[in-house]
Amino acid sequence: MTKTFKGRDIISIHDFSREEIEHILKVSKDMIPAARGEKRNLSLEGKILSTIFFEPSTRTRLSFEAAMNRLGGSVVGFSDPEITSLKKGETLADTIRMVESYSDVIVLRHPMEGAAKLAADFTEKPVINAGDGAGQHPTQTLLDLFTIWTEKKDIEDKNVVLLGDLKYGRTVHSLAYALAMFGANLTFVAPEVLQMPKEVVEHVERQGGSYTSTNALEDAIESADVLYVTRIQKERFPDPAEYEKVAGMYRVDNEILTNASKDIIVMHPLPRVTEISPEVDTTEHAIYFKQAFNGVPVRMALLALIFDVVK
Amino acid sequence: MRVVEGRAFFRGRFEECCIGIENGKITEIKKILKGDERHSFGSNYILPAGIDIHVHFREPGRTHKEDFRSGSAGALCGGVTTIFDMPNNDPSIVDVRTYQEKRRIVGSKANADFGLYVALKENSSTDELSKLGCPFKVYMTGTAAGLGFGEYDRLGEVCEGVGGDRHVGIHCEDKSLVGSGERDLEDFLQVRPNEAEMAAIKRVIKSTDRKIHICHVSAKESIPLLENPRLTSEVTPHHLLLNMNSDLEGFGKTNPPLRTKSDQMAMWEALVSGKIDIIASDHAPHTIEEKEQSFDVAPSGVPGVETSIPVMLAYVKRGNITIERLINAMMERPAEIMGLNKGRIEVGMDADLIAVDMHNVTKIRGDDLHSKCGWTPFENWEGIFPLATFLRGRLVAKDREMQETGKGKLVLGDEKP
């Protein structure tokens, strides 16, 4: 069943049904011309979005700001806790109370898991979660889904390989869940110590999703439609030599992509370090910069739905 | 050997395993264990059982509201195996004699493990009291039992007199800032303002260098003061979940009062971030008749020992707090603060366990609870009640019904006074 989007908080991907996500994807597609600046859309003129970022995330913040501006709305906000009153120990409670009187929708990023839910519980204004610690980052998941859907025409039955740090990377947890909900076939490729946690795997199973786990990238990408790469962080390994070995094993370059179908798309939430070789950037496979752009139409769609200016 | 099997919270994460229990203690934790008595919970959670360091079970003296049997049965059915009972009884628990008398009365009735507080007043015989090994309570404002601490100048000396390693919990509201004649919940906040709590905590910090536990923090102005490393603190579920705008009228009257929405949110933030250490229920039952009286005469206090874990687990499910932080706040840290061999699933610890199915969400109803008071401020709220509760390895409650009674032991203080 589709609930109304008007005034709704966007806290977790788990709050949405498949039908609702499909609707968001369709609206996102309609937003592309305006997101590119090819068409004027002033449907949110006079509305103000506040971005309150208790930890920096330039890409997410800029993408929200671009989305609001492309819809004719305005943005207020801060992104550097060092130079604001937060440094003086202002609480989330007081901050939310302040910004709710300045704006019509609040985009929040906070290092504490559960912060977005907490904020949403205490303000009448809609809250959009732009990442809360190890918790949720639903707009990232939506733009990832949108990218697969637009590039591959569908999500159901597509073979999606999730590669890298599957244990700690929150983006891949929400994405795995959402992909399973859409009936994609999942392959988890990671060194054993960084494999997908059991809770996430069970979530996938409960969605009726099919998956396999392996540590061999070469075999996994043979039949893949999508290769989703995440960063493996050095800090996860006590032994630097072990890290180098693992990082080397999973570096995506043109050579390893010769094992894959010519239509495979390579995605990455960015920022990328060394896990994708720059030589891949100029190939047809590289979709990660387009993926980053997709954050704009998807966030425009959410804002338009929340303000009830599209159906 | 008894074996409890499920997905246990062990070394900071959930693992499917078997917990072996002998003589009430956890002796082994392994993937597979054989045992002559087996309790299997499949992939449901096994958590350490709750420890509630702040309850009022009303015995001796006001057993029409609650007694040790009913209170501790509620505790077990709500997943709490250890409680610490407050001293505002009739007679008040203020010296060795009243303590030992209470110990004798409640000892055989306790279904859960327990500790008993003694109230400290300005003229307490601290040398004698320190030998009891019990926890202590200071009321900075008057109580119905006349336990208010008189001369604040004596506060440091008395708290230090009972010994630095004893637990001292303080109800912080400065009596010079507390009034009377309250008409409703909003008015009650004028009568017992945020400043009263903040001023009292400041005074406590100035009065002594020893460690102090701040009971039921409720005002947002108090939070920065809690960063003092000598202080630990608790918040109640009702201060997290309710505010002065609730429609509970006299049923929502409690000390300290339900405050504003903004205070409520600050409590959540402080709890989740760890500035407030633990959750305690401040279970303080009064009968429906007593609470229905006009607001100014209705007694202060709300029940909560049986609902605190269930209602908070429902908030874990909603995504407001992680299960890890909740376990820390309701099991691990209370055990550390009281110095108990409980609160964690580890070899050598007491086998106090609860089994929880996170999908088993039910509506909380006063009629289903064990308290004699017969009501709850969380009527019709969602709760996740434990499937089973184990006290030192014994299955004492199952599906919210008692299985074994009278197995509670004194956990802090002299076993043979």
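Quick look at the values:
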{"quantity": "Computed FRET value (nearest 0.05) for B:D127 with B:E101, which takes r as the C-beta separation and R₀ as 22 Å", "calculated": "0.65"}
{"quantity": "Using alpha-carbon coordinates, inclination of helix B:194-207 to the longest axis of chain B, degrees", "calculated": "80 degrees"}
{"quantity": "Number of Lys pairs (Cα under 25 Å; 8 or more positions apart or on different chains) in the stretch A:89-241", "calculated": "8"}
{"quantity": "Net charge of neighbours whose Cβ lies under 9 Å from the Cβ of B:R394, counting Lys and Arg as +1 and Asp and Glu as -1", "calculated": "+2"}
{"quantity": "Chain lengthening between B:S180 and B:D209 when straightened (0.36 nm per residue, less Cα-Cα)", "calculated": "7.2 nm"}
{"quantity": "Sparsely packed GluC sites (Glu not before Pro) within the stretch A:252-311, loop by DSSP, other Cβ within 10 Å at most 15", "calculated": "A:E284"}
{"quantity": "Nearest-0.05 FRET efficiency for B:K202 and B:D247, computed from C-beta distance (R0 22 Å)", "calculated": "0.05"}
{"quantity": "Kirkwood-based Rg to Rh ratio, the stretch A:139-291, C-alpha trace", "calculated": "0.93"}
{"quantity": "On Cα atoms only, tilt of B:261-273 relative to the major axis of chain B in degrees", "calculated": "50 degrees"}
{"quantity": "Principal semi-axes in Å for the stretch A:222-311 [√(5λ), Cα gyration tensor, largest first]", "calculated": "31, 19, 10"}
{"quantity": "Stretchable slack from A:R236 to A:R18, in nm (0.36 nm times residue separation minus alpha-carbon distance)", "calculated": "75.1 nm"}
{"quantity": "Residues of the stretch A:139-291: accessible area per residue with a 1.4 Å probe, Å²", "calculated": "44 Å²"}
{"quantity": "Where N is the number of residues in the stretch A:195-238, Cα Rg divided by 2.2 N^0.38 Å", "calculated": "1.40"}
{"quantity": "Cα pair distances exceeding 14 angstrom across the stretch B:182-244, given as percent", "calculated": "59 percent"}
{"quantity": "Debye log10 I(q)/I(0) for the stretch B:299-382, one point scatterer per Cα, at q = 0.16 Å⁻¹", "calculated": "-0.76"}
{"quantity": "log₁₀ of I(q)/I(0) at q = 0.19, 0.20, 0.30 Å⁻¹ - the stretch B:358-417, Debye sum with one point per alpha carbon", "calculated": "-0.86, -0.90, -1.18"}
{"quantity": "Apportionment of accessible area to carbon and sulfur, chain B, percent (1.4 Å)", "calculated": "44 percent"}
{"quantity": "Accessible surface, the stretch B:49-338, averaged per residue in Å² (probe 1.4 Å)", "calculated": "31 Å²"}
{"quantity": "Accessible area buried between chains B and A, both sides summed, probe 1.4 Å, in Å² to nearest 100", "calculated": "1700 Å²"}
{"quantity": "Cross-link table B:K220/B:K372; B:K25/B:K109; B:K220/B:K253, entries beyond 21 Å C-alpha to C-alpha", "calculated": "B:K220/B:K372; B:K25/B:K109"}
{"quantity": "Cα-centred dipole magnitude for the stretch B:103-250, charges only on beta-carbon of K, R (+1) and D, E (-1), debye, nearest 20", "calculated": "640 debye"}
{"quantity": "Candidates per GluC sites (Glu not before Pro) in the stretch B:226-314, loop by DSSP, up to 14 other Cβ within 10 Å", "calculated": "B:E292"}
{"quantity": "Size of the stretch A:63-173 as Cα extents on the principal axes (Å, biggest first)", "calculated": "49, 36, 26"}
{"quantity": "Vicinal HN-Hα couplings computed from phi for the stretch B:57-67 (Karplus, 6.51 cos²θ - 1.76 cosθ + 1.60; Hz; Gly/Pro x)", "calculated": "8, 6, 10, x, x, 10, 6, 6, 8, 5, 9"}
{"quantity": "Set B:K131/B:K175; B:K202/B:K275; B:K121/B:K291 screened for pairs whose C-alpha atoms are more than 27 Å apart", "calculated": "B:K131/B:K175; B:K121/B:K291"}
{"quantity": "Value of D in µm² per second that Stokes-Einstein yields for chain A, Kirkwood Rh from Cα pairs, at 25 °C (0.890 mPa s)", "calculated": "122 µm²/s"}
{"quantity": "Distance between modelled label sites at B:S40 and A:R59, nm, 7 Å Cα→Cβ extension", "calculated": "4.6 nm"}
{"quantity": "Per-pair calculated FRET efficiency, R0 = 51 Å: A:K29 and B:E289 via Cβ, rounded to 0.05", "calculated": "0.20"}
{"quantity": "Principal axes of the protein assembly as shown: Cα extent on each, largest first, Å", "calculated": "86, 64, 46"}
{"quantity": "Angle in degrees between helix B:68-77 and the longest Cα principal axis of chain B, rounded to the nearest 10", "calculated": "50 degrees"}
{"quantity": "Size-normalised alpha-carbon gyration radius of chain B, reference 2.2 N^0.38 Å", "calculated": "0.93"}
{"quantity": "For the stretch A:103-131, residues shielded by at least 20 square angstrom of accessible area compared with the chain on its own, probe 1.4 Å", "calculated": "A:M112, A:E113, A:G114, A:K117, A:L118, A:D121, A:F122"}
{"quantity": "The protein assembly as shown - charge dipole about Cα centre, Lys and Arg +1 at Cβ, Asp and Glu -1, debye rounded to 20", "calculated": "120 debye"}
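The values are calculated or read from the model by the stated rules, or taken from the named source; none is laboratory data. Just so it is clear, the structure is predicted and the values come from calculations on it, not from any experiment. Quick reminder, even Gly has a Cβ in these numbers, built from the backbone with ideal geometry, and neighbours come from all protein chains shown. Protein only, heavy atoms only, side chains kept; ligands, DNA and RNA dropped before computing areas. Shrake-Rupley method; radii C 1.70, N 1.55, O 1.52, S 1.80 Å.
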